[in-house]
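Since every read-out is calculated from the coordinates, none of them should be taken as a lab result. In this text the structure is predicted, and so the values were computed from the model without any measurement. Glycine also receives a Cβ, built like all others from the backbone with ideal geometry; neighbour counts cover every protein chain displayed.
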Amino acid sequence: MPPACCLSNVKCQLSPVRQMSIVKCSKGFSLIELMLVIVILVILATIVNGYYLNYLKNTQLDSTGKLVASGLIKARDKAMAGEADKNWGVHFVNGTDDYYELFSSPTDYASVSKTVKETIFLDSGVNFSTPAAGASSTAIFSKISGTTTAASIVLTSNFGGTSTVSVSAQGRVE
């Protein structure tokens, strides 16, 4: 009958030494088996890392798009409420650091009596593609009615994704 270690899926060798049988049991993994497991783990880690980076870039772009939309909605709501008895708007700047400003004004952004209420900088991995590089655009909501000129703001991520925030002439933000 073979020794107990040979019955339990352990590699064994019987070797004769001076008329007696001595059992050598190998309890472990071979180098090839360990290398195979490591290769499989590296492949799985590479695949998971790719999905994770894709998830991060999409999340960053989506959250920035929602932040821009909420800024537009905030300006529209303030204009419709007649806050400060002025028009309210959002001014988008595509420069070295892309940002947008929430402001109030009796007429438009160029007015000397405009008041900038907030300045929000975009995340480092997200940029404006509309307005074009070095340019700016403004969405101004009329007091009480909340109407504006139709416009679209396009955001791009450094990884190639895009997100568009649109404003209709009636002031609806999508």
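Tell me the label only: which of [x] 18.6, 62; [y] 32.6, 109; [z] 19.3, 65 is Rg and Dmax of the Cα atoms in Å as calculated from this structure? Computing Rg and Dmax of the Cα atoms in Å and matching it to [x] 18.6, 62; [y] 32.6, 109; [z] 19.3, 65 gives [y].
Counting neighbouring Cβ atoms within 10 Å and putting the fewest first, the residues ARG172, ARG76 line up as ARG172, ARG76.
Relative to the Cα centre, the charge distribution of the chain, modelled as +1 at Lys and Arg Cβ and -1 at Asp and Glu Cβ, gives a dipole magnitude of about 880 debye. Based on C-alpha pairs under 8 angstrom that are at least 6 apart in sequence, the chain has a relative contact order of 18 percent. Close Lys pairs in the chain, defined as Cα atoms under 27 Å apart and 8 or more places apart or on different chains, number 23. By the count of other C-beta atoms within 10 Å, a proxy for reagent exposure, GLU101, GLU118 are ordered fewest to most as GLU118, GLU101.
Can you give the net charge of the other residues whose Cβ lies under 9 Å from the Cβ of LYS86, counting K and R as +1 and D and E as -1? For residues surrounding LYS86, the net value is +1.
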